[in-house]
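Enquirer: I'd like to ask you about the structure that follows.
The values are calculated or read from the model by the stated rules, or taken from the named source; none is laboratory data. This one's a predicted model, so the numbers in the text were calculated from it and none came from an experiment. No Cβ is skipped: glycine too gets one built from the backbone with ideal geometry, and neighbour counts run over all protein chains shown.
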Amino acid sequence: MKIVLAPDSFKNSLTAKQVASAMQTGLQRVYPDATFVKVPMADGGEGTVQSLVDAKNGQILTEKVINPLGVETQAHYGLIDDGSVAVIEMAEASGIQFINEYTRNPYVTTTYGTGQLMKAAIKHGAKTIIIGIGGSATNDGGAGMAQALGAHLLDADNNELKYGGAVLKKLSKIDISEMLPELNDIKIIVASDVTNPLTGKNGASHVFGPQKGANEEMVEFLDDALSHYAKVIKKDLGKDLEQTPGAGAAGGLGAGLLAFTNAKLQSGVDIVVNYTGLKDQVKDADLVFTGEGQIDFQTKFGKTPIGVSQATKEVNKNATVVAIAGSVGDRISELYPLGIDAIFTCVPGVQSLDKAISDSGKNIEQVCENVGRLFKSVTTRG
Ligand SMILES: O=C(O)[C@H](O)CO
């Protein structure tokens, strides 16, 4: 009997590794002799660094960077595969958690700190960077990130642009001659949380600007500024990115990475499936457990449980895939054709969110034990 445990983290509660351990504890009460393999998962969003570091026995490093408001902070990134691969979450340096209702202002917030994290990883010897983008406080098209890596963004008087999304309107020329030379040889894989274009009604400013503090007038201004930025990128770097899917992720950092580096955008969960070697583990598994704090129809848009179920069914049609969630939302029936055989919530009854979060480890153990009992009784009855 082989059981693979491949959950995402449960937000604000347990890391993916802790969820996998709780699953194992519950299932072991039913299957004491089974072989258990834990593969902590993520989808490019929050928890990706921790999951990949846990899955690959990597290390977490800390770097002094500036946050979106230009204030010094400590940010973490991961190194795996003997330091050759760095894993970065842009939100660690430039995320929305750094701003509040008084300080949020996408005219000035910058992704400079994200560029500093990338630079640190490169200086540490990384040859590949996996970067999860989303959850940002910024709308600067990744301009700050490019500046941290040595790009000069100049106005008509050859002055360096300051930080933020608003000044992009003054951009006249991009000079990449002093960008970090190592960048040419670094593979950059971008896991973006959305597929929005850079500009327009579905673009970064219109869709995500308001949550970062942009009112209607600011949204229009920022959208124009990003459109202008895209035109200068096209003129000076020869890349036409304005409508590229994913270019609008993280306030246009998607576009910035595509413009200033040789980055490729990919599905976050596919990247993690790849790097953890999940398919090798599930190909001879009898049972595969996955899960996430919340599961609903949106899970099908590239969230971990679907990535795990699809990867499993691709190599092993006979495995049963079970998903465990803290909360189960609408239209989960849309997930069954995508390879998840059954979905269970681990919450035992009506209770406060705080209680559900604080008890999540023991709740996951219990539901996994029950699912294991059912599976055993059905499969041994003959
Ligand atoms: O950071 C943002 O703007 C959103 O998460 C979309 O990427």
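Enquirer: Report, ordered by the first and then the second residue, all pairs with beta carbons closer than 7 Å, sequence separation of six or more or different chains, a first member in the stretch 154-173 that is closer than 13 Å to residue 222 by Cβ and in contact (Cβ under 8 Å) with a residue 60 or more places away in the chain, and a second member that is of a type in the set (S, T, N, Q) and surrounded by 16 or more Cβ atoms within 10 Å (Cβ to Cβ).
Expert: Listed by first residue and then by second, the contacts come to 165/139.
Enquirer: Then there's this: Quick test of your reading of the structure: residue 309 fulfils all but one of (1) of a type in the set (Gly, Ala, Ser); (2) modelled with pLDDT of 95 or more; (3) at positive phi. Name the failing condition by number.
Expert: The single condition residue 309 does not satisfy is (3).
Enquirer: I would also like to ask the following. Find the residue count for the stretch 72-102, including only residues that are out of contact with any Ser or Thr (no Cβ under 9 Å at 6 or more places or on another chain), of a type in the set (Ser, Thr, Tyr) and surrounded by 15 or more Cβ atoms within 10 Å (Cβ to Cβ).
Expert: 1
Enquirer: Of all residues in the stretch 27-39, count the ones that are surrounded by 24 or more Cβ atoms within 10 Å (Cβ to Cβ) and either in contact with a Cys (Cβ under 6 Å, 6 or more places away or on another chain) or free of Cβ contacts under 8 Å to residues at least 60 places away in the same chain (or both). Full working, then the answer.
Expert: Here is the first cut: in the stretch 27-39, the residues surrounded by 24 or more Cβ atoms within 10 Å (Cβ to Cβ) are 27, 39.
Going one step further and asking which of them are either in contact with a Cys (Cβ under 6 Å, 6 or more places away or on another chain) or free of Cβ contacts under 8 Å to residues at least 60 places away in the same chain (or both), we end up with 27.
Qualifying residue count, the stretch 27-39: 1.
Enquirer: Further, regarding this structure: For a quick check of your reading of the model, give me the residue pairs whose first member lies in the stretch 281-293 and is assigned by TED's automatic domain parsing to the domain that holds residue 347 and basic (Lys, Arg), whose second is modelled with pLDDT of 95 or more and surrounded by fewer than 24 Cβ atoms within 10 Å (Cβ to Cβ), with beta-carbon atoms closer than 6 Å and at least 6 apart or on different chains.
Expert: Within 6 Å, the pairs are 283/315; 283/316.
Enquirer: Within the stretch 60-71, is there a residue that is within 23 Å of residue 114 (Cα to Cα), within 16 Å of the ligand (Cβ to nearest atom) and surrounded by 24 or more Cβ atoms within 10 Å (Cβ to Cβ)? Working first, answer last.
Expert: The initial filter retains those residues of the stretch 60-71 that are within 23 Å of residue 114 (Cα to Cα), namely 60-71.
Checking the rest, the ones that are also within 16 Å of the ligand (Cβ to nearest atom) come to 67-69.
Among the residues that remain, those that are also surrounded by 24 or more Cβ atoms within 10 Å (Cβ to Cβ) are: 68.
Yes, because at least one residue in the stretch 60-71 is within 23 Å of residue 114 (Cα to Cα), within 16 Å of the ligand (Cβ to nearest atom) and surrounded by 24 or more Cβ atoms within 10 Å (Cβ to Cβ).
Enquirer: Additional query: Examine the stretch 154-173 for a residue that is within 16 Å of the ligand (Cβ to nearest atom), part of a strand (DSSP E or B) and of a type in the set (A, V, I, L, M, F, W, C), and state whether such a residue exists.
Expert: no
Enquirer: Output the qualifying pairs, or none if there are none: Cβ atoms under 6 angstrom, residues six or more apart or on different chains, first residue in the stretch 347-365 and over 11 Å from residue 14 (Cβ atoms), second residue assigned to a helix (DSSP H, G or I).
Expert: Final answer for the pair search is 347/356; 365/22; 365/25; 365/26.
Enquirer: Go through the residues of the stretch 118-125 one by one and say whether even a single one is away from the ligand (no atom under 16 Å from the Cβ), among the basic types (Lys, Arg) and not in a helix (DSSP H, G or I).
Expert: The first filter runs over the stretch 118-125 and keeps only residues away from the ligand (no atom under 16 Å from the Cβ), leaving 118-125.
This time we only want the ones that are among the basic types (Lys, Arg), so: 119, 123.
Add one more test, that the residue is not in a helix (DSSP H, G or I), and what stays is none.
No, there is no match, as no residue in the stretch 118-125 is away from the ligand (no atom under 16 Å from the Cβ), among the basic types (Lys, Arg) and not in a helix (DSSP H, G or I).
Enquirer: Moving on. Which number in (1) surrounded by fewer than 22 Cβ atoms within 10 Å (Cβ to Cβ); (2) out of contact with any Ser or Thr (no Cβ under 8 Å at 6 or more places or on another chain); (3) of a type in the set (Ser, Thr, Tyr) marks the one condition that residue 192 misses?
Expert: The one condition residue 192 does not meet is (1).
Enquirer: Follow-up. The conditions are (1) surrounded by 22 or more Cβ atoms within 10 Å (Cβ to Cβ); (2) within 16 Å of the ligand (Cβ to nearest atom); (3) outside any loop (DSSP other than H, G, I, E, B), and residue 207 fails exactly one of them. Which is it?
Expert: Result: residue 207 passes all but (1).
Enquirer: In addition: With the requirement that a residue be more than 26 Å from residue 103 (Cα to Cα) and of a type in the set (A, V, I, L, M), what does the stretch 150-175 give you?
Expert: The answer is 151, 154, 156, 174.
Conditions tested, residue by residue: (1) within 16 Å of the ligand (Cβ to nearest atom); (2) touching a Gly at 6+ places or on another chain (Cβ under 9 Å); (3) at pLDDT below 95.
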residue	(1), (2), (3)
17	no, no, yes
27	no, yes, no
90	yes, yes, no
107	yes, yes, no
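Enquirer: Out of all the residues in the stretch 210-255, which are surrounded by fewer than 19 Cβ atoms within 10 Å (Cβ to Cβ), under 21 Å from the mean Cα position of the chain (by Cα) and in contact (Cβ under 8 Å) with a residue 60 or more places away in the chain?
Expert: 211
Enquirer: Check residue 20 against each of (1) farther than 19 Å from residue 325 by Cα; (2) assigned by TED's automatic domain parsing to the domain that holds residue 345 and name the one condition it does not meet.
Expert: (1)
Enquirer: Which members of the stretch 174-183 meet the condition of being assigned to a strand (DSSP E or B) and surrounded by fewer than 17 Cβ atoms within 10 Å (Cβ to Cβ)?
Expert: Of everything in the stretch 174-183, just one residue is assigned to a strand (DSSP E or B) and surrounded by fewer than 17 Cβ atoms within 10 Å (Cβ to Cβ), namely 175.
Enquirer: Can you find a residue that is in the same structural domain as residue 100 (by TED's automatic domain parsing) and part of a helix (DSSP H, G or I) anywhere in the stretch 184-195? Working first, answer last.
Expert: Looking only at the stretch 184-195, we keep the residues that are in the same structural domain as residue 100 (by TED's automatic domain parsing), and these are 184-195.
After this cut, where a residue has to be part of a helix (DSSP H, G or I) as well, the list is 184-185.
Taking every residue of the stretch 184-195 in turn, at least one turns out to be in the same structural domain as residue 100 (by TED's automatic domain parsing) and part of a helix (DSSP H, G or I).
Enquirer: Another one. If the Cβ limit is 7 Å and pairs must be 6+ apart or interchain, which residue in the stretch 89-103 that is on the phi > 0 side of the Ramachandran plot pairs with which residue that is within 11 Å of the ligand (Cβ to nearest atom) and basic (Lys, Arg)?
Expert: Listed pairs, sorted by first residue: none to list.
Enquirer: Among the candidates 259, 250, 263, single out the residue that is within 16 Å of the ligand (Cβ to nearest atom) and under 20 Å from residue 166 (Cα atoms).
Expert: Working: 259 fails: within 16 Å of the ligand (Cβ to nearest atom); 263 fails: under 20 Å from residue 166 (Cα atoms).
None of the other options fit; the residue is 250.
Enquirer: Pick from 220, 178: which is over 26 Å from residue 152 (Cβ atoms), more than 16 Å from the ligand (Cβ to nearest atom) and of a type outside the set (Phe, Trp, Tyr)? Before you say what the answer is, go through the steps one by one.
Expert: Numbers: 178 fails: over 26 Å from residue 152 (Cβ atoms).
Checking each option against the conditions leaves just 220.
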